[in-house]
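Asks: Let me begin by handing over the structure; questions about it come next.
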Amino acid sequence: MTVARAKGPKAKADRLFSQIIRSRGRCERCGQRDDVVTAHIIGRRFSWTRTNELNAWALCPSCHYEVDNYADSKMFMVARTIGLDVYGELRALAQKNGAKFDWPAEVERLEARLAEV
């Protein structure tokens, strides 16, 4: 079975961003595992925070499930990693209205960032 892969600059930005986050290597919550995935703090549906490195953790599947399904676990991680002030700034940025998000420019930025990590 062949799985279709999303195309376009937004999909490419997602793939690059995921590589950047997963390059952190180990689960940022338990520190035990290296089979990490990208876990967004503010949901991916918000373009303005979707590829912001402060808005994601590298988590093992178990820890990803924990922070996605238990608000206390998520907020403990927020406080421990980015802090409540940055979390508030990300929430405000997620709600940004007006200018359309420039996905091709974001792909260029992420390609350069990936070369650094």
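Taken together, the values in this text are just the output of simple stated rules run on the coordinates, not laboratory data. It should be emphasised that the depicted structure is a prediction, and the values quoted were computed from it without experimental measurement. Here the Cβ positions follow ideal geometry from the backbone for every residue, glycine too, while neighbour counts run over all protein chains shown.
Asks: Would you work out the charge dipole size for the chain about its Cα centre, treating the Cβ of every Lys and Arg as +1 and the Cβ of every Asp and Glu as -1, and quote it to the nearest 20 debye?
Replies: So the dipole magnitude of the chain works out to roughly 360 debye.
Asks: Okay, next question. Taking 0.36 nm per intervening residue step and subtracting the Cα-Cα distance, what contour gain separates D102 from R80 on full extension?
Replies: Working: separation 22, 0.36 × 22 = 7.92 nm, distance 3.12 nm.
So the extension gain works out to 4.8 nm.
Asks: Moving on to the next point. Which peptide among 41-50, 67-76 comes first, and what is the full order, when sorted by highest mean count of other Cβ atoms within 10 Å?
Replies: Listed from highest to lowest mean packing, they are 41-50, 67-76.
Asks: Another one. From the P(r) of segment 30-74, could you give the percentage of C-alpha pairs in the tail past 14 Å? Write out the running numbers ahead of the final one.
Replies: Details: 475 of 990 pairs.
Value for segment 30-74: 48 percent of Cα pairs lie more than 14 Å apart.
Asks: What distance in nm separates the simple spin-label points at Q19 and Y65, each placed 7 Å from Cα in the Cβ direction?
Replies: Modelled inter-label distance: 3.0 nm.
Asks: Also, quick follow-up: Whole percent per 5 Å bin, from 0 to the bin with the longest distance: what is P(r) over all C-alpha pairs of segment 1-67?
Replies: 3, 19, 24, 22, 17, 10, 4, 0
Asks: Hull surface divided by four, with the convex hull built on the Cα atoms of the chain: how many nm²?
Replies: Projected area, direction-averaged: 8.4 nm².
Asks: Which one, A79, N55, G8, projects farthest toward the positive side of the charge dipole computed for the chain from Cβ point charges (K/R +1, D/E -1)?
Replies: G8
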